[in-house]
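Following: one structure in structure tokens, then a few remarks.
The values are calculated or read from the model by the stated rules, or taken from the named source; none is laboratory data. Every value quoted in this text rests on a predicted model; they were computed, and no experiment measured them. Here the Cβ is made from the backbone with ideal geometry for all residues, glycine too, and neighbour counts use every protein chain on show.
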Amino acid sequence: MGHKLADSDTPRGPQPYHSLTPIVVVTVTTTWAASPHRRLRFRPPTPPTTAATMQAAALRRQLLDHHLSPTSSAAISALRSASVQGLTPQGLYGPDGARYMASARAPAVKGSGHLVRKGTGGRSSVSGIVATVFGATGFLGRYLVQQLAKMGSQVLVPFRGSEDSHRHLKLMGDLGQIVPMKYHPRDVDSIKAVMAKSNVVVNLIGREYETRNYGFEEVNHHMAEQLAMIAKEHGGIMRFIQVSCLGASLSSPSRMMRTKAAGEESILKEFPEATIMRPATMIGTEDRILNRWAQFAKNWGFLPLVGGGSSKIQPVYVVDVAAAIVNSLKDDGTSMGKTYELGGPDVYTIHELAEMMYETIREWPRYVNVPLPIARAIASPREMLLNKVPFPLPTPSIFNLDQIEAYSVDNLVSEDGKALTFEDLGVMPHKLKGYPTEYLISYRKGGPAFGSTVSEKIRSSEM
């Protein structure tokens, strides 16, 4: 069967299909050679395929096609009755007793428990997580997408802006694992579409200042409630993570904090198994606090401090927050229905944090103390005119009125010892001084490696 055809045996012109049937039957692959004589050349014969290996391959394809997806009772019965050892699903859970199916190695559990995992845990593995991350194009979102993708998760990235807004996320996962999907937060059908094939939903949508189009109440409360309602109707969402903020309370002086707290209550009412994450002020390369302070100090030569900067905060490295969210998905369901307060290891006053910023950018610290009533008076006109003028107003460069109210009180992890923290999720948060704030060296005059520190300037001035 493996002989070489002579020129006289070479087919000339179109041949009937039945004449090639014997070649196909013996599984010898043929290809036409790129020569004037169109000579047939034969590849080495492949090993014979047995009925057992074909059955095993078919079952693998069936398991893959039904991986963590709703399936019918007939399909489950057929898979259960399969005779190939090691491929029969062992765990089928859910209110109807047959909602999800999984491999024998790690059964999938509806609503809680471990997800199906295959591989060694790298980006080419299968973590079993198919996560829709709302707000993935934001500050925390990029770090969460990276940590989900590097463990082999598929991440659906809903976006509403430019097609380029998610481009930086595509490289974070293996081929086809980062899936951008156009949606609109006010369109219920588009939200259902981006959740359709997910088993995990993470809501990072939030607003720190109001605009003409989106206010605190709609973004922080009603949108979060809507996502929880859709996830509940979906029936296949195993985990729902809501990222709120530390200090969220209905009695907070900040409207943002009050709407965040209202959003938490609405989510737990609709989806009681949801996990609430309350990160403190997040620090990182794209943050909205140290970057803006450094830019303002470089442009104007001073930094205003409301109330002298005496309020205490507990800033946290953004990568640690992303790690905490991922770890909550890896547990056996113990984080479901719980609230975590994620604060950094050190407590700073606003003034001390500004000192660290000045030390890093190697500039003389110059402050202007702004009493709280005066700060409110300066920021109030924008809030009053926000919805009364037919054009968008500029975004405050440092503080808006609500941030002034938020920083007027201390914002720390609960001191009663009852709050769940990083420790309960197996994460050791980084100290801020050093690597987490290294990005500030880009603001140094003369370049990152140029310029003396503040202490060096003081010593030189004393000589």
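Screening Gly138 against (1) of a type in the set (Gly, Ala, Ser); (2) in contact with a strand residue (DSSP E or B) (Cβ under 9 Å, 6 or more places away or on another chain); (3) under 24 Å from Arg278 (Cβ atoms) leaves a single unmet condition, (2).
Pairing residues of the range 136-149 that are within 13 Å of Lys170 (Cα to Cα) and of a type in the set (Gly, Ala, Ser) with residues that are assigned to a helix (DSSP H, G or I) and modelled with pLDDT under 95, at Cβ distances under 7 Å and at least 6 apart in sequence or on separate chains, gives Ala136/Leu169; Ala149/Met172. Checked against the criterion of being crowded, with 20+ Cβ neighbours inside 10 Å, farther than 26 Å from Arg142 by Cβ and among the hydrophobic types (A, V, I, L, M, F, W, C), the candidates Val326, Val368, Val316, Val306 yield just one match: Val306.
Filtered by the rule that a residue be in a loop (DSSP other than H, G, I, E, B) and out of contact with any strand residue (DSSP E or B) (no Cβ under 9 Å at 6 or more places or on another chain), the range 141-169 gives Lys150, Met151, Gly161, Ser162, Asp164. Of all residues in the range 355-374, which are more than 30 Å from Gly446 (Cβ to Cβ) and in a helix (DSSP H, G or I)? Of everything in the range 355-374, those that are more than 30 Å from Gly446 (Cβ to Cβ) and in a helix (DSSP H, G or I) turn out to be Leu372, Pro373, Ile374. Here is a check on your reading of the model: is Ile361 among the β-branched types (Val, Ile, Thr), surrounded by 12 or more Cβ atoms within 10 Å (Cβ to Cβ) and more than 30 Å from Val201 (Cα to Cα)? So Ile361 fits the description; yes. Of the residues making up the range 148-197, those that are within 24 Å of Val319 (Cβ to Cβ) and small (Gly, Ala, Ser) number 5.
Going through the range 167-204 one residue at a time, which ones are in contact with a Ser or Thr (Cβ under 6 Å, 6 or more places away or on another chain) and surrounded by 22 or more Cβ atoms within 10 Å (Cβ to Cβ)? If the condition is that a residue be in contact with a Ser or Thr (Cβ under 6 Å, 6 or more places away or on another chain) and surrounded by 22 or more Cβ atoms within 10 Å (Cβ to Cβ), then Val194, Met195, Ser198, Val201 are the ones that fit. Number of residues in the range 172-223 that are in contact (Cβ under 8 Å) with a residue 12 or more places away in the chain, out of contact with any strand residue (DSSP E or B) (no Cβ under 7 Å at 6 or more places or on another chain) and of a type in the set (Lys, Arg): the value is 3.
For Pro436, are the conditions met, namely being in contact with a His (Cβ under 9 Å, 6 or more places away or on another chain), at pLDDT below 95 and assigned to a helix (DSSP H, G or I)? Here the answer is yes, as Pro436 does meet what is asked.
Could you check the range 246-277 and list, in sequence order, the residues that are more than 22 Å from Met229 (Cβ to Cβ) and in contact with a strand residue (DSSP E or B) (Cβ under 6 Å, 6 or more places away or on another chain)? Those that are more than 22 Å from Met229 (Cβ to Cβ) and in contact with a strand residue (DSSP E or B) (Cβ under 6 Å, 6 or more places away or on another chain): Leu246, Gly247. Within the range 371-395, the set of residues being charged (D, E, K, R) and surrounded by 14 or more Cβ atoms within 10 Å (Cβ to Cβ) comprises Arg376, Arg382, Glu383.
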